[in-house]
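Below you'll find the structure, written out as structure tokens, and then a few comments.
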There are 2 protein chains.
Amino acid sequence: MADQKIPQVTAKRLPLYYRYLEKLHVIGKQRISSSELSDALQIDPATIRRDLSYLGELGKKGYGYNVTYLLQFLRDFLKQDEVTSVVLIGVGNLGTALLRYNFYRSHNTKIVAGFDRDSSKVGTDIDGITVYDMDRLEDVIQLHQVEVAILTVPVNFAQQTADFIIQKGIRGILNFTPARLTAPAHVRIHNIDLTVELQTLIYFLKNFPVIEDIQEPEPT
Amino acid sequence: MADQKIPQVTAKRLPLYYRYLEKLHVIGKQRISSSELSDALQIDPATIRRDLSYLGELGKKGYGYNVTYLLQFLRDFLKQDEVTSVVLIGVGNLGTALLRYNFYRSHNTKIVAGFDRDSSKVGTDIDGITVYDMDRLEDVIQLHQVEVAILTVPVNFAQQTADFIIQKGIRGILNFTPARLTAPAHVRIHNIDLTVELQTLIYFLKNFPVIEDIQEPEPT
DNA sequence: AATATCTTGTGATAAGGTTCACATAAACCG
DNA sequence: CGGTTTATGTGAACCTTATCACAAGATATT
């Protein structure tokens, strides 16, 4: 299998390539080179070629990549035709925003239900997604074959909620809480810590000298 | 200066250490070892020691780290006492949620204003943060010495909005749009692409064999 | 006070990722 | 159709980050 050894960072970039190729396809562009992709996506062309070479020899020397072919290849590779059902746990500010975020539009991911302990939220409907009590999690997971959850509960409930949903069958968690969750090895957790992201950006801004904008290099 | 050569990844972990130390301090814990920190934060103890060693020799052999001392050191290092003012551009679903997110509570970051083109949003107040028209950006930036913006506009306005705010003096952008922004070298951009995060999590879940949970190793 | 235990800080090594630079082959052009 | 240009795929070099493993110093114990 080609997908045995893809670096984590490459896996994160493939959707970017896919999305940009979709755009190119819509406007009718036939071919694209790694350097054009580089200009559009701000990724080094060698990195792009390396990434794509993990999947096979998808380009042609002196030509570049055929947009339709590469798009189709990535569609298959990223299984863009299979829709993956996801649940969201914790319908607060951020949770509500994510329910409305519409991951589904032109993507292969769909939030099928929200969950909250707060009875005033249970039964409501946010952009067509129903909010259930946590008790119903097991049913919904079984019905929709859900394995992935977005976790947006308050930080002090994060670990216990994680334990609960893992016990009900969740294997992947996109954790928006600042808590560093403990979980069995079969569970994959990706953390998005908004505070840290903001703080780190500020840290680098404050601690590194203002880089003068690079001049156009002399043409050779 | 000690902060000349800190790896990017270390800078992202320091706030985690800081937050956990705050908790320890509150409960009155005096000392902490890298292995205890490791258990709590799910970061290899050697990595923690390496991270802290970039800042100096903060621990003591056979003892660990003094919580109060390390906390104070990190507070200074991360300039937790200086509040950095930030603006948010694009008061939609996600933007509104982030305005309410309260980065300020126990952190050194404060969103001082929201901005939107939509006149029905202008003048409203979300958790005490006023939403202004984009025309007012320059004034607010000058008044609060703002250099950092959170960008939550629709993707098709992302680049033009970025160009505009950079021209007004913004030097750091936390970009929540899926657009890959082009900017002068002096501008620092951190991307948080929610769709990609979710897709990547799913990708790894689908493509890697279920890892059996690790058994407790035999005690030596 | 001697011994056993603990835990740091770090040299060395491994792992993961990026970029260079070029052989190779296709495309383009006159 | 031969020469020039273009652009891939990849070996090798490089850079960044993570982890191992241990000397050395501090603590704890008897």
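Every number here is computed from the coordinates shown, using simple stated rules; none is lab data. As the structure is a prediction and not an experimental result, all values here were calculated from the model. Cβ coordinates were reconstructed from backbone atoms using ideal geometry, including for glycine residues, and neighbour counts include every protein chain displayed.
If you wrap the range A:1-72 in the convex hull of its Cα atoms and look at it from every side, the mean projected area works out to 4.6 nm². Here is what passes the span test in chain B: the DSSP H helices with alpha carbon length of 18 Å or more along the helix axis and a Kyte-Doolittle mean of -1.0 or above are B:8-26, B:194-207. Would you please give the residues with an amide H less than 5 Å from that of B:Thr124, counting only those at least 5 places away or on a separate chain, with H modeled from the backbone geometry? Under 5 Å from the amide H of B:Thr124 lie the amide H atoms of B:Val131, each far enough along the sequence or on another chain. All other residues whose Cβ lies under 11 angstrom from that of B:Leu58 are scored, Lys and Arg at +1 and Asp and Glu at -1, for a net of 0.
Rg and Dmax over the alpha-carbon atoms of the protein assembly as shown stand at 22.9, 69 Å. Distance from the A-onto-B rotation axis is smallest for the Cβ of the chain A residue given, in whole Å, as A:Ala97, 2. For chain A, the spherically averaged projection of the C-alpha convex hull amounts to 16.5 nm².
Using 0.36 nm per residue and subtracting the Cα-Cα separation, the extra length available between A:Asp163 and A:Lys29 on full extension is 43.4 nm. Within 10 Å of the Cβ of each residue in A:7-15, the mean number of Cβ atoms contributed by other protein chains is 4. For the range A:1-125, the alpha carbon convex hull comes to 134 Å³ per residue, rounded to a whole number.
Averaging Cα coordinates gives a centre for the range A:102-176 and one for the range A:191-207; these two points are 27 Å apart. Entry for the range B:84-198 at q = 0.10, 0.14, 0.21 Å⁻¹: log10 I(q)/I(0) = -0.25, -0.51, -1.22, Debye formula applied to identical alpha-carbon scatterers, no solvent contribution. Each other copy places its own label point for B:Asp139 at 5.4 nm from this one, sorted shortest first, where the point lies 7 Å along the Cα-to-beta carbon line.
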